[in-house]
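A short write-up of the structure that comes next.
All of the numbers you see were taken from the coordinates with simple rules; none came from a lab. Worth saying up front: this structure is predicted, and the values here are computed from it rather than measured. Neighbour counts are summed over all protein chains in view; Cβ atoms, including those assigned to glycine, are modelled from backbone coordinates with ideal geometry.
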Amino acid sequence: MSNGELLDRLATGDEDAARMFESAYKTGLLRHLHSRGVPPQDRSDLLQEVFLAAFQQIRARSFKGLSSVNTWLTGILNHKIVDYWENQRRTQIETGSEGKVPAAEAEGGGKPDRDDLIAAWQMLDRLPEDHRRILLLHETEGWNTEEIAARLGMRPGTVGRKLCEARRLLSLQPRL
């Protein structure tokens, strides 16, 4: 079944389509949560929030397909992660546990700074669409140039060049 057909079925509230959709994207999103240092006990809740938000947008027909479904879901997830870490920070302040290092940080996962995440997304938004898609597939999904080329219908050399250009463009952009 194509993504278009799956999205159409989701828009009608089809439960089987919802299960297929979650199954198709769950592993990659969980991997992304792990890479952002979200503790294992909180990953499932965040993932459900992402799917709920996605299903609501699909039913409202507000997903326009300007990016891949995976990139769109990762964007939703990144916003949820920012909110998650902000809530964690507030909880630490309210409970007076600011000086304690969370387990994820102690294990080297680290907690991303909210302002850094926002600045990173703003910088990514300024990249040309192809460059942004290639960079995100490489960095967040761990795809190599051949996999990206096959997925996007490009030559591997073109993908490699655009990946280098994306990195160069990011390094030239002023920090916000």
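Observations
- A Stokes-Einstein calculation at 10 °C with viscosity 1.306 mPa s, built on the Kirkwood radius of the range 1-102 over Cα pairs, returns a diffusion coefficient of 107 µm²/s.
- For LYS162, the aspartates and glutamates whose Cα comes closer than 16 Å to its Cα, not counting residues fewer than 8 places off in the same chain, are ASP125, GLU129, ASP130, GLU139, GLU146, GLU147.
- For the chain, the longest site-free run once trypsin sites (Lys or Arg not before Pro) in DSSP loop states with at most 15 other Cβ atoms within 10 Å are removed: 1-60
- Under 13 Å from the Cα of LYS64 - aspartates and glutamates, other chains or at least 8 residues apart: ASP8
- Sorted by Cβ neighbour density within 10 Å, fewest at the top, the residues TRP143, TRP121: TRP121, TRP143
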